[in-house]
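Notes for the one structure printed next.
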Amino acid sequence: MANNKSAKKRIGIVERNRLRNRIYKSSLRTLMKRCFTACDAYSMTPGDEAKALVQVSLREAFSKIDKAVKVGVLHRNNGANQKSRLSCAVRKAIEPTS
């Protein structure tokens, strides 16, 4: 238990930051899963509508990753790694194999 006023304030700040981080990470995982499932759906049944869905989901995930890095929820290397994973999956799904 906190003994002085500044320690009590720090507890509140830490709790606020923890909740903010949890919200960002949770929504980030959701958007990444949505992008991966869109890639799978496109590889099963390619079409213009599925391709547009893949691109929209990729754009949303990239935006959320960039915001998480900017706020400080993710380290910039972690953000770059996640973006690389997503773009690799999209590239593999969209580009025809030869």
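Each value in this text was obtained by applying a stated rule to the coordinates, not by laboratory testing. All values derive from a computational prediction rather than experimental measurement. Here Cβ is always computed from backbone atoms with ideal geometry, including for glycine, and neighbour counts include all displayed protein chains.
Using a Förster distance of 41 angstrom, determine the FRET efficiency expected from the C-beta separation of Asn21 and Met44, and round it to 0.05. Walk me through the intermediate numbers first.
Numbers: r = 35 Å, r/R0 = 0.85.
Once rounded, the FRET efficiency stands at 0.75.
What is the spin-label model distance, in nm, from Val56 to Ser84 if the labels are put 7 Å beyond Cα along the C-beta direction?
Going from the Val56 label point to the Ser84 one covers 3.0 nm.
Compute the length gained on full extension between Lys33 and Arg76: take 0.36 nm times their separation in residues and subtract their Cα-Cα distance, giving the result in nm to one decimal.
Taking 0.36 nm per residue and subtracting the Cα distance, the gain is 13.5 nm.
Compute the convex hull volume of the Cα atoms of the chain, divide it by the residue count, and report the result per residue in Å³ as a whole number. Display every interim value, and only then the final one.
Details: hull volume 9.2 nm³, N = 98.
Cα convex hull per residue, to the nearest whole number: 94 Å³.
Multiply the residue separation of Ala2 and Asp66 by 0.36 nm, subtract the distance between their alpha-carbon atoms, and state the gained length in nm to one decimal.
19.5 nm
Quick check: net charge around Arg22, other residues with Cβ under 13 Å of its Cβ, Lys/Arg +1 and Asp/Glu -1?
Numbers: positive: Arg16, Arg18, Arg20, Lys25, Arg29; negative: Glu15.
Within the 13 Å Cβ shell, the charges total +4.
Give me a comma-separated list of calculated 3J(HN,Hα) values for segment 8-13, in order, Karplus coefficients 6.51, -1.76, 1.60 applied at θ = phi - 60°, integers in Hz, x for any Gly or Pro.
5, 4, 4, 4, x, 5
Kindly identify segment 30-82 as rounded, prolate or oblate by the Cα gyration tensor criterion: order the square roots of the eigenvalues as a ≥ b ≥ c, call it rounded if a/c is under 1.5, otherwise compare a/b with b/c, prolate if a/b is larger, else oblate.
On the way: a/c = 3.60, a/b = 2.69, b/c = 1.34.
Prolate.
Hey, which of these cross-link pairs are over 30 Å Cα-Cα: Lys51/Lys83; Lys8/Lys33; Lys70/Lys92?
Details: Lys51/Lys83 18 Å; Lys8/Lys33 38 Å; Lys70/Lys92 28 Å.
Pairs exceeding the cut-off: Lys8/Lys33.
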